Amino acid sequence: MLKLFRSLSIILVLAGTALAEWASPHNLKLEEEAPAALIPFPREVNWEEEKIKLPPAGNWKIKGKASSKDSIKIAWKGLLSDIKGSAKGSMTVSLKSAGSKLNAEASPQGYILTVGKKGITIEANEEVGFFYGLQTLRQLVDGQKSLPACRIKDWPAFQYRGYMHDCGRNFRTLERLKEEIDLAVQLKVNLFHWHLTDNSGWRIQCRKYPVLNDPKTRERDLNSTYSYDDIRELIRYARKRHVLVLPELDMPGHSRYFPKAFNCKMESEQGMKICADLLNEFCSEIPKEICPIVSFGADETRIANGKEFVYMASGVIKDNGREHAQWAGSADLVVHPDSIQKRWAEGYNGCVKSLSNITGRTLDYAVGYSNVYPPAMMVRRYFFMRPCGEAKGNDQSLGVVLGIWPDGRVDNKEWIPGMCNMWPAMCAMAERGWVGGAGEGDGFIPEMPSRDTEAGKAYHLFEQRMASIRKSIFKNEDFPMWPESSVSWTLVEPVDSGTAESVRAKVLEGKLDGLTTKTVHCSNLYFRTRDGSGNQGMYRRTKTGVTVWAITTLNVRIAGKYPFMIGFDAPERSNRRWTGVPQNGQWTQVNTRVWINGKEVSNPKVYKLAGQRTQRRKVWGFENPLDLEEVWWMLDPTMLTLKKGRNTIVIEQPYPEEHLDWSIGFTPLFKHK
């Protein structure tokens, strides 16, 4: 799941030359001057001082041959919904051919957007270019009374910027999937990987073997099935928004439902014939014109006839006139040489292996799954990544896909995007997939640079854009990410927990002489993640039995209660391994402590599951539904009392057991100095 380093030697210089060379793909001064929050940020932009006052939506019109296209009508309707102008007169948006102004690299998704006194012009060579030009215009408008005069020339670095939903384990309604596509396209996302089957059930209508739709073969969401009409409808809906749907019929692994239905395994002779029938039926029902690629999974399984199975599945898909795709991780079946490879990995070394030797057309899933990491780490991972290890795409490096795997049972499916940090992670993925990246910044993930560096400034500006986007595009969504670069900590580095009492006394007295300290520039501190995610963090090689202290100061003008997002651990939304819900009055179940101005502060939250849900080992297929209390960023802010002026916060965080995601999340949701 973790992003590769170009070579293992980079591990040894995380704080050295490699990171110092990180550079923003665009001029940060242009971003500072931007009059609107744009995600992704344009590749080329010139801002003018002039402001164009906007008339009301009823006085806008669009002209040009492309304006009659379905996707343009959809984008136009979305734009008009965000216009709040009241100026007199009218506004015309003209769609024109860009011709040679956009070269082969910039077409077909590229566009040129010009805003001036005489109106607005969008130039492109393909319908999708006009569509993306309108998305940028919509972000510029964003309910404002005026529009900045500007010229934007823009195109993607990578062909695909996508996201994946596991709807096999947790069924999502068609209506909700459509809503999510409508939000995603505003970020210029253009691929939806639809994971349709998994251990919990075959979610696709089946005419030849209706037993697959029998609730008796399923483990949850027993009566939830996508009809072929549903699947065609969603694919066509997405295509009208320039989103390619990549359906996945996962086989031969992840198929506990199969023996229940047929009394055999998929890799058996009988099972392979049934699998061929299933692929043929799907392809006969879903036209290749709307579904040119089908994935057959082939992940996390070891079978004696693995190559035979792969060649059978890929052959059936090819015979139906489609491209085939399959997972390409170290625990997967052999990859067919003609397959589109979905590269992924678990753990640090696995990722280095996964992406360091790309041998065919590749989609990069390896940076991480949003159900594994807390929000800020997920955003950092994508912001500082290089999709497929490249600055921009090529014939083999096709793009990047955000994976969302809420494996365990979730009763309220509307919680899934928030629990899995879907939208903040998608913002960062969309940014990097569109803009590309000239530098490798993996070392910034556990330990952020200060804002006086280019990397720190770039991240700060991006999180400010996200803060604006959450209030516009994502105003009705759970968006668990808050600007974190306004906080700096003095960190007392790990000491044996047996000496904690004496060190604590020094820390609380402000006597840090003789202690090993460092300055860290972010509100969320990641010391060591769980082993399943590669033990990432500032102290990734540190063993249990140690304690750290984090010290910061906040200045406020008025004494009172202030809101914070505070959390120290949360379960992976797959296997639930974690320390559990705190006892009432406690911050964690591992004796985390907090002081404000020298006085110890108890956790004011009251939990109905206080002291419960501890899970020291991995448990897949968890059927005890995940509760909101287990995911701290889904809860209301914690209110803490601060005095007027300077406030000193001290947090003590021990590391007693490896099932803990050893971290500190302490983000103020207010302005401070």
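FYI, it's all coordinate maths here, none of it is from the lab. Keep in mind that what you see is a predicted model, and the values were worked out from it rather than measured. Reconstructed Cβ throughout: ideal geometry from the backbone, glycine too, with neighbour counts over all protein chains shown.
Cα-Cα over 29 Å: which of 63/101; 240/471; 63/188; 53/153; 88/178?
Too far apart for the 29 Å limit: 88/178.
Under a cut-off of 22 Å between alpha-carbon atoms, report the lysines in cross-link reach of residue 643, not counting same-chain residues fewer than 8 places apart.
561, 599, 605, 671, 673
Give me the distance in nm between label points sitting 7 Å out from Cα along the Cα-to-Cβ direction at residue 476 and residue 86, one decimal.
2.5 nm
Amide H neighbours of residue 107 under 5 Å, counting only residues 5+ apart in sequence or on other chains, H built in-plane at 1.01 Å?
Amide H neighbours of residue 107: none.
At a 10 angstrom cut-off on C-beta neighbours, averaged per residue, how do the peptides 586-598, 161-173, 477-489 rank from highest to lowest?
For the peptides 586-598, 161-173, 477-489, the packing ranking is 161-173, 477-489, 586-598.
Using the 10 angstrom Cβ neighbour count as an exposure proxy, how do 359, 638 rank, fewest first?
359, 638
Need one word for the chain: rounded, prolate or oblate. Basis is the Cα gyration tensor (sqrt eigenvalues a ≥ b ≥ c); a/c below 1.5 gives rounded, then a/b vs b/c decides.
Oblate is the answer for the chain, as a/c is 1.5 or above yet b/c matches or exceeds a/b.
Across the stretch 228-243, in residue order, what do the Karplus-derived ³J(HN,Hα) couplings come to in whole Hz, using 6.51 cos²θ - 1.76 cosθ + 1.60 with θ = phi - 60° and x for Gly and Pro?
Per-residue couplings from phi come out as 4, 4, 4, 5, 4, 4, 5, 4, 5, 4, 5, 4, 5, 10, 6, 10 Hz.
Between the stretch 150-166 and the stretch 65-127, what is the separation of their alpha carbon centroids in Å?
Answer, in whole Å: 17.
Suppose each label sits 7 Å from its Cα in the direction of the beta carbon; what would the residue 673-residue 53 distance come out to in nanometres?
Between residue 673 and residue 53, the label points sit 3.9 nm apart.
Summing -39500 (n - 2.57) over the DSSP H runs of n ≥ 4 in the chain and dividing by its residue number, what mean residue ellipticity at 222 nm do you reach, to the nearest 500 deg cm²/dmol?
Per the formula, -7000 deg cm²/dmol.
Are there any GluC sites (Glu not before Pro) in the stretch 37-107 that are in a DSSP loop and have at most 15 other Cβ atoms within 10 Å? List them by number. Don't skip to the end; give the middle numbers.
Numbers: sites: 44, 48, 49, 50, 105; in loops: 105.
Within the stretch 37-107, the qualifying GluC sites (Glu not before Pro) (loop, at most 15 other Cβ atoms within 10 Å) are 105.
About its Cα centre, what dipole magnitude does the stretch 431-478 give when the only charges are +1 on Lys and Arg Cβ and -1 on Asp and Glu Cβ, stated in debye to the nearest 20?
My answer is approximately 340 debye.
Given Cα pairs under 8 Å that are at least 6 residues apart, what percent is the relative contact order of the stretch 160-449?
The normalised contact order for the stretch 160-449 reaches 18 percent.
Could you state the number of Å between the C-alpha centres of the stretch 390-430 and the stretch 443-457?
Going from one Cα centre to the other spans 23 Å.
Give a quick list of trypsin sites (Lys or Arg not before Pro) in the stretch 243-302 that DSSP marks as loop, anything other than H, G, I, E or B, with at most 11 other Cβ atoms within 10 Å.
Answer in residue order: 302.
Got a sec? Charge dipole of the chain, +1 on Cβ for Lys and Arg, -1 for Asp and Glu; which of 614, 399, 562 is way out at the positive end?
Highest projection toward the positive end goes to 562.
Among DSSP bridges having both ends in the chain, what percentage is antiparallel? Round to the nearest 5.
Details: 61 of 102 bridges.
Within the chain, antiparallel bridges account for around 60 percent of the total.
Using the Karplus equation 6.51 cos²θ - 1.76 cosθ + 1.60 (θ = phi - 60°), what ³J(HN,Hα) coupling, rounded to whole Hz, does each residue of the stretch 206-220 give in order, writing x for Gly and Pro?
For the stretch 206-220, the Karplus-derived couplings read 10, 7, 6, 10, x, 4, 5, 9, 6, x, 5, 8, 10, 9, 7 Hz, x marking Gly and Pro.
By how many nm would the segment from residue 280 to residue 558 grow when fully extended, if each residue of separation counts as 0.36 nm and the alpha-carbon distance is taken off?
Numbers: separation 278, 0.36 × 278 = 100.08 nm, distance 6.82 nm.
Taking 0.36 nm per residue and subtracting the Cα distance, the gain is 93.3 nm.
Rounded to the nearest 20 debye, what is the charge dipole size of the chain about its Cα centre when +1 sits on each Lys and Arg Cβ and -1 on each Asp and Glu Cβ? It would help to have the intermediate numbers written out before the result.
Working: 92 positive and 78 negative charges, 360 e Å.
With only Lys, Arg, Asp and Glu charged at Cβ, the dipole is about 1740 debye.
For a paramagnetic label modelled at 7 Å from the Cα of residue 97 toward its Cβ, which residues of the stretch 56-73 fall within the zone defined by backbone nitrogen distances under 15 Å?
Of the residues in the stretch 56-73, 64-67 have backbone N under 15 Å from the label point off residue 97.
Shape of the stretch 96-152 from its Cα gyration tensor (a ≥ b ≥ c, root eigenvalues): rounded if a/c is under 1.5, otherwise prolate when a/b > b/c, or oblate?
Prolate.
Does the stretch 160-449 come out rounded, prolate or oblate by the C-alpha gyration tensor, with a ≥ b ≥ c the root eigenvalues, rounded set by a/c under 1.5 and, if not, prolate when a/b is larger than b/c and oblate if not?
prolate
For the stretch 486-668, which semi-axes, largest first and in whole Å, follow from the square roots of 5 times the eigenvalues of its Cα gyration tensor?
Equivalent ellipsoid of the stretch 486-668: 27, 21, 14 Å, largest first.
For the stretch 284-397, what's the radius of gyration and Dmax over Cα atoms, in angstrom?
Every Cα atom of the stretch 284-397 included, Rg and Dmax give 15.4, 44 Å.
How big is D for the stretch 615-660, in µm² s⁻¹ as a whole number, if Stokes-Einstein is applied with the Kirkwood radius of its Cα pairs at 20 °C and 1.002 mPa s? Intermediate results must be reported in sequence, preceding the final value.
Details: Rh = 14.9 Å.
For the chosen part, D equals 143 µm²/s.
At most 12 other Cβ atoms within 10 Å and a DSSP loop assignment: could you name the chymotrypsin sites (Phe, Trp or Tyr not before Pro) in the stretch 267-350 that fit? Each step should come with its number before you reach the end.
On the way: sites: 282, 296, 309, 311, 327, 344, 348; in loops: 344.
Loop-located and lightly packed - none at all.
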